[in-house]
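Working notes for the structure below.
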Amino acid sequence: MVIGASIRRKEDPRLLTGAGCFTDDINRPNQAYGAFVRSPHAHADILSINKTTALKMPGVLGVYDFQDMASKGCAEISTGIAGRGDGYPSLDGSPMADPPYYVLANGRARYVGEPVAMVIATCPEGATAAAEAIFVDYQSLIPVTIANQADRPDQPQLWPEAKLNTCYNWGSGDGDAVSRALDASDHVTILDVEIPRVVPSFLEPRAAMADYDGQSGRFELYVGCQGIHGLRDKLAEALGVGADRVRVVSLDVGGAFGARSVIYPEYLALAWAAREIARPIKWTATRAEDFVTTTQGRDNFLRGELGQDGMGKFLALRVTGHSNMGARHTGNGPYSVMRNLARMLPGTYRTPAVYMALKGVFTNTVPVSSYRGVGRMEAIFVMERLVDRAAKETGFDRIELRRKNLIRSHLMPYETPMGAVYDSGNYVSNMEKAMEAANWDGFPDRRETSARAGLLRGIGICNYIEGAGGGAGEYAAIEIDETGMAEVRAGCVDQGQGHQTSLSQIAADHLGIGVDQVVVAASDTDVIADGVGTNASRSMVRAGEALVVACGRLIDQGREAAALLLQANKEDVIYDHGRYLIGDREIGLADIAKQSRFFAEYRSHADAVTFPNGCHVCEVEIDPETGALIVVAFTAVDDVGVAINPPIVDGQSQGAIAQGIGQGLMECSVVDPKTGQMLSGSYLDYAMPRANDLPSLKPIANNSPSPTNSMGVKGAGEGGTTGAPAAVINAVLDALSFHGVTDITMPATPYRIWAAIRDGSVMEAGE
């Protein structure tokens, strides 16, 4: 079996030796360079834009504002709300607010960093200098930046389309049943949490290379993204051309985490300008630009209420709150949070009645979109924090309370009150394995040892589950050339996950050929016919399953050709490891490919979501004099169904845990509420975990194959970001319980820990 084998990543030799090709590596003859004038204000009217000086500067080929582009056929960017928003009506039945998505600011800037004008010049230095020479006359306005204050009547209004800055006010579940169950509960635990905003700090800043062929009338855009076909279609719509007139290519991509799943105004502006000046144009964001222009994640204020009876049985869960959309829609920002948060609220527990009411609001901040584990992390964080608090308030042991309420494996598939159908899993076993690996029973001795050294020690646990795979289908194709090499074409886009290896393993396994006989085509809309893209840990679940079907079709197609060449009945021809056999006669895939085209494809339809799950245990040690914290141990037990390549899955798990620990202890995008200025706009001010901040991470597999697909795979890659934050914060609070601290806001920085110990205060966000 090739599936499940620990094969070294095929892409690593190329990437490790510097032979990778990222967007900034692409150069074209006679190329120009783009630069953008960005708003220094979070909220301001644009009174005038003076381009005179910039236009006279050496090497400047063009200077454009919104009016310039709109007058020459550059339309608004489609948010997709019109096609999806009706499915998420507000509680009063009104549709989701859909403000325009302009390529450049149109009369008003609504967040710091919003592009206001674009300069094209013959060199990057010249473009930057000319951008700095443009004078924009602004009339500053009062901004609104905090989500749970944005819908107040006294707050500034961002869009006339969004009354009280409200994008949606959506509910899911049976609110009346939850109210009755909470009223009947012996105890109701209430918890307010803030999920701070984070920056998707991928290694490769955003970049784009745009070109236009005047003879064919075709646009070309090289860009790191998560879905080439969706980006192509939105570009074509805004440029007023057919999709066949736009080619999008995504080569090597240095990370994405959800932030590359949307279309950015820079991409449209560069494509339009390439046609305007008849030259290819390249733009690469500075790290400072990335901080204030690339979509960010999280930023939610949530209240959870958990009701239980006298025996500790969960009866009802209600979660209400606000979700920050930032200054505008990005296309998928609202849905990801709404759908995933609601779907995953019950977590791994049997809770008969569940309800969520979530209000999405616009603020004068960087737009918010998908971020690794979007919605799932928020749901699990609220639930697991509630369980710990409920245990303290009612006197139950936190493990026993969890054990009482965990969904048992014999109930699978299990439908939750929120309509999710959990496909498979053994949640009790996950927790038992994690506790055993973490030596949970030995913790009191370790705590005592730390206490003798003057240190506080705490341990936290989190049972997590996440919906992964996405409901949309995916495309895959496979072709055999005359040498016997198989080329895989898939709609998913690799951003470092190892698609070249995993897809090769699937093809090799189902065709019975060597992994070295398979290549995976680059993500190119001219090569790959269709596709949804990579998000929600769906690549192997959707594209992998589509590839399985395509391989089966290819084998059947080849059997028919082999039957003709071998002068036999098709039904009598046997396929075995790349060869077709009948009696003592045989013919190989390559031999058939020499005779005729040998190609098969498959477009899968929407299918059941998979539910990877697991249990994380975190152990921390705190210096009470300084608040300094060390994560001394972290145990992860994960269920990803079938791991196509275990080392790749382990690497995904480790990276996600690092991000989850970062969320819990240090990452926070801080905005000045009075000015809307980002106070953490560089890595001098925005902390991320380094290797020396992390313990050794060795994920433990406890896999239950998913019945939703032929390979039994589930999504993998987001479990760490989903489960780690709750495990970390529960561990911190366990350590601080000695000082009577019952709550702390993420991230639990040394200063916040120190302050909580000193005066029991819970620090506000940004302090």
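Throughout, read-outs are computed from the coordinates displayed, never taken from laboratory work. Worth saying up front: this structure is predicted, and the values here are computed from it rather than measured. Cβ atoms come from the backbone with ideal geometry, glycine included; neighbour counts cover every protein chain shown.
Laid out as a table, the results:
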item: Size of electric dipole in the chain: Cβ of Lys, Arg +1 and of Asp, Glu -1, about Cα centre, debye, nearest 20; result: 480 debye
item: Mean separation of Cα contacts under 8 Å (6+ apart) over length of segment 601-649, as relative contact order %; result: 34 percent
item: Likely footprinting exposure, Leu55, Leu61, fewest C-beta neighbours within 10 Å first; result: Leu55, Leu61
item: Check: segment 256-360 dipole with +1 on Lys, Arg Cβ and -1 on Asp, Glu Cβ, in debye; result: 200 debye
item: Chain lengthening between Ala437 and Ala70 when straightened (0.36 nm per residue, less Cα-Cα); result: 126.0 nm
item: Efficiency of FRET between Gln567 and Arg597 - r from beta-carbon atoms, R0 22 angstrom, step 0.05; result: 0.55
item: Intensity falloff of the chain expressed as log10 I(q)/I(0), Debye formula with alpha-carbon point scatterers, at q = 0.06, 0.07 Å⁻¹; result: -0.39, -0.53
item: Other-chain or far-sequence residues with amide H under 5 Å of Ile700's (modelled H); result: Ala636, Val637, Asp638
item: Residues whose placed amide H lies under 5 Å from that of Ala716, excluding near-sequence neighbours; result: none
item: Sequence-separation-based contact order of the chain, relative, with Cα cut under 8 Å and 6+ spacing, percent; result: 15 percent
item: Per-residue ³J(HN,Hα) for segment 163-172, Karplus 6.51 cos²θ - 1.76 cosθ + 1.60, θ = phi - 60°, Hz, x for Gly and Pro; result: 4, 6, 6, 8, 7, 7, 9, 10, x, 8
item: Across Lys404/Lys433; Lys51/Lys674; Lys433/Lys698; Lys313/Lys714; Lys313/Lys359; Lys163/Lys234, pairs whose alpha-carbon gap is larger than 21 Å; result: Lys51/Lys674; Lys313/Lys714; Lys313/Lys359; Lys163/Lys234
item: Filtered trypsin sites (Lys or Arg not before Pro), segment 291-396: DSSP coil and at most 15 other beta carbons within 10 Å; result: none
item: Under 28 Å from Lys594, Cα to Cα: lysines that are on another chain or at least 8 residues apart; result: Lys10, Lys570
item: Charge dipole (debye, nearest 20) of segment 470-603; +1 at Cβ of Lys and Arg, -1 at Cβ of Asp and Glu; result: 240 debye
item: Likely footprinting exposure, His510, His499, His329, fewest C-beta neighbours within 10 Å first; result: His510, His499, His329
item: Residue order, fewest to most surrounding Cβ atoms within 10 angstrom, among Ile277, Ile582, Ile661; result: Ile277, Ile582, Ile661
item: Within-15-Å neighbourhood charge of Ile480 [Cβ basis; K, R +1; D, E -1]; result: -3
item: Span per principal axis, largest first, for the Cα atoms of segment 470-603 (Å); result: 48, 26, 25
item: Environment charge at Glu125 (Cβ cut-off 14 Å; Lys +1, Arg +1, Asp -1, Glu -1); result: 0
item: Computed [θ] at 222 nm, deg cm²/dmol, the chain (DSSP H ≥ 4; -39,500 (n - 2.57); rounded to nearest 500); result: -8500 deg cm²/dmol
item: J(HN,Hα) series, segment 67-81, from Karplus relation 6.51 cos²θ - 1.76 cosθ + 1.60, nearest Hz, glycine and proline x; result: 5, 4, 6, 5, 6, 10, x, 8, 8, 5, 7, 6, 8, x, 4
item: Hz values of 3J(HN,Hα) by residue in segment 484-496 - Karplus curve (6.51, -1.76, 1.60), Gly and Pro given as x; result: x, 6, 9, 10, 9, 10, 10, x, 6, 10, 7, 10, x
item: Long-range amide H partners of Val532 with built H, under 5 Å; result: Tyr475
item: Top positive-direction residue, dipole computed over the chain with Cβ charges, set Gly442, Met678, Val488; result: Met678
